[in-house]
Amino acid sequence: MSSYKIAILAGDGIGPEITAEAIKILKLVEARNDVQFELMPAPFGASAYFEHGHPYPDASKAICDAADAILKGPIGLSHEASKGIPVDLQPERGALLPMRRRYNTYANIRPVSLPKGLAHFSPLKPEIIGEGIDIIMVRELVGGLYFGAKEMGVNDAGLRYVNESLEYDENQIRQILHEAFKLADRRAKRLHNIHKSNVLKSSVLWNEIVDEVAPEYPEVEVIHMLVDAAATHLCLNPGQFDVMVMENMFGDILSDQGGGILGSLGLMPSACLGPDKAYYEPSHGSAPDIAGKNIANPYSMIGSVAMMLEYSFGMYAEARNIWEAMQGVFNEGYSTADLSKPGAGVKMIDTVAFGDRVVEKLSAMPRVA
Ligand code: IPM
Ligand code: MG
């Protein structure tokens, strides 16, 4: 029997609620398969700051270090509440980015996927959705503006100024491109390279490396697209995209737009892969306005479990079963509150009920092995 240690970072806001549903699925996967999970909860985020004085306490680092994989809920507070925490200890800067750096999770895999049967959740017209949306965005996650040198001050003219730099070296670019090319090679053999080389030097270097790496994947067609144009094309013709690759900030923004064309960021799980460690998290924030109301959509968190099974534990078939079980619940006409307005002809279910229905569906599926 395989046995894995999983660090559980429930996070802030809706984090604990959707994490509870993800844990239900992990327990069921354990019961259905020849696998054992040791779940190791660890404080992380604003709640960790208030209880332990740091958003990523040393004890949590030790738990993550010891884990085979990390499941992380969303973190962060409302804009106002964030002001109660010193800037450098706010959970994004004080916990999340340090974790990304600690494990060098350079490859952020963000599926933007909506099967045809769920097209009614999308704000796009049916004729634009066509056969459904099935994109994987590959975002570089540990470089660029988010990790470059930063300074703020007062300049010689007495004006407050800021300077932050977008830094990449060629190896950082090459390693993320290889991930994207490999993925494209396994899928539709089409890779959209998203850049802004008409303005940014960083994109000029990026594209040079694309040209160097591409010959290693002769079957993959590379399509170059400016990031601003890509934003439009995502709305007008999402079906043209299969795998998209881009630097950190472009990926942050376009992946949120990805959630938009699906109908909700609640449908956006992600995998953050490093050379030795991976963590899995929803792409969205902690939604403090709806926290504790049992109305958040746990799809992104349960989807992150599916991605963990696939990328960290090689349990491909069971991962597919989880996707099918979740989509099966929606196919029966159910919806969570983020996806539909009341009276839209759907049967509204809450966080716990969605998790329960996924458990029911998954339990009814044949075991994999
Ligand atoms: C994301 C989030 C984070 C990011 C925030 C919380 C720092 O928006 O994972 O997309 O910008 O990377
Ligand atoms: Mg984001």
- Item | Percent of C-alpha pairs per 10 Å bin, the chain, short to long | 5, 23, 33, 27, 10, 1, 0, 0
- Remind me, relative contact order of segment 324-369 in percent, using alpha carbon pairs under 8 angstrom and six or more residues apart? 42 percent
- Note on the structure: For segment 2-88 the trypsin sites (Lys or Arg not before Pro) that pass both the DSSP coil test and the at-most-11 other-Cβ-within-10 Å test are Lys83
- Message: Where in the chain is the longest stretch that carries no GluC sites (Glu not before Pro) classed as loop by DSSP and with at most 14 other Cβ atoms within 10 Å?
- Response: 1-130
- Here, His52 and Glu212, labelled 7 Å along Cα→Cβ, have an inter-label distance in nm of 4.0 nm
- Mind giving me the nanometre distance, one decimal, between the label points for Ser82 and Leu236, set 7 Å out from Cα along Cα→Cβ? 3.3 nm
- Residues in segment 195-217 reached by a label modelled at His224 [backbone nitrogen below 15 Å; 7 Å Cα→Cβ]: 195-215
- Item | Alpha carbon centroid spacing (whole Å) that separates segment 238-269 from segment 1-40 | 26 Å
- Note on the structure: Listed by chain and number, the residues whose amide H is under 5 Å from that of Glu221, excluding neighbours fewer than 5 places away on the same chain and using placed H, are Arg190, Leu191
- Under the rule rounded for a/c under 1.5, else prolate if a/b exceeds b/c, else oblate, using alpha carbon gyration tensor axes a ≥ b ≥ c, segment 119-260 is classed as oblate
- Query: With respect to the cross-link table entries Lys27/Lys361; Lys293/Lys341; Lys293/Lys347; Lys24/Lys116; Lys72/Lys277; Lys125/Lys341, which display a Cα-Cα separation exceeding 20 Å?
  - Reply: Lys24/Lys116
- If one computes the Cα centroid of segment 82-103 and of segment 298-369, what distance in Å separates the two points? 31 Å
- Build a GNM of the chain with springs between Cα atoms under 10 Å: which of Asn198, Asn331, Asn248 gets the top mean-square fluctuation? Asn198
- Query: Which FRET efficiency value, to the nearest 0.05, is calculated for Lys341 and Lys5 with the Förster distance at 45 angstrom and r the Cβ-Cβ distance?
  - Reply: 0.60
- Measure off 7 Å from each Cα along the Cα-to-Cβ vector at Glu127 and Val204, then give the distance between these two points in nanometres to one decimal. 4.3 nm
- Stretched out fully, how many nm does the piece from Tyr316 to Glu170 gain, at 0.36 nm a residue minus the Cα gap? 49.3 nm
- Please give the contour-minus-distance gain from His178 to Gln257: 0.36 nm per residue of separation, less the Cα-Cα distance, rounded to one decimal in nm. 26.0 nm
- Item | Probe 1.4 Å, accessible area per residue of the chain, Å² | 43 Å²
- FRET efficiency for Leu39 and Ala157, using Cβ-Cβ distance with R0 set to 56 Å, rounded to 0.05: 0.50
- When the accessible area of the chain is computed with all protein chains present and a 1.4 Å probe, what percentage of it is carbon and sulfur? 53 percent
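The values are calculated or read from the model by the stated rules, or taken from the named source; none is laboratory data. As the structure is a prediction and not an experimental result, all values here were calculated from the model. Heads up, the Cβs are rebuilt from the backbone with ideal geometry, glycines too, and the neighbour counts pull from every protein chain shown. The protein model used for the area step is the full one, side chains on, heavy atoms only, and it has no ligands, DNA or RNA in it. Shrake-Rupley method; radii C 1.70, N 1.55, O 1.52, S 1.80 Å.
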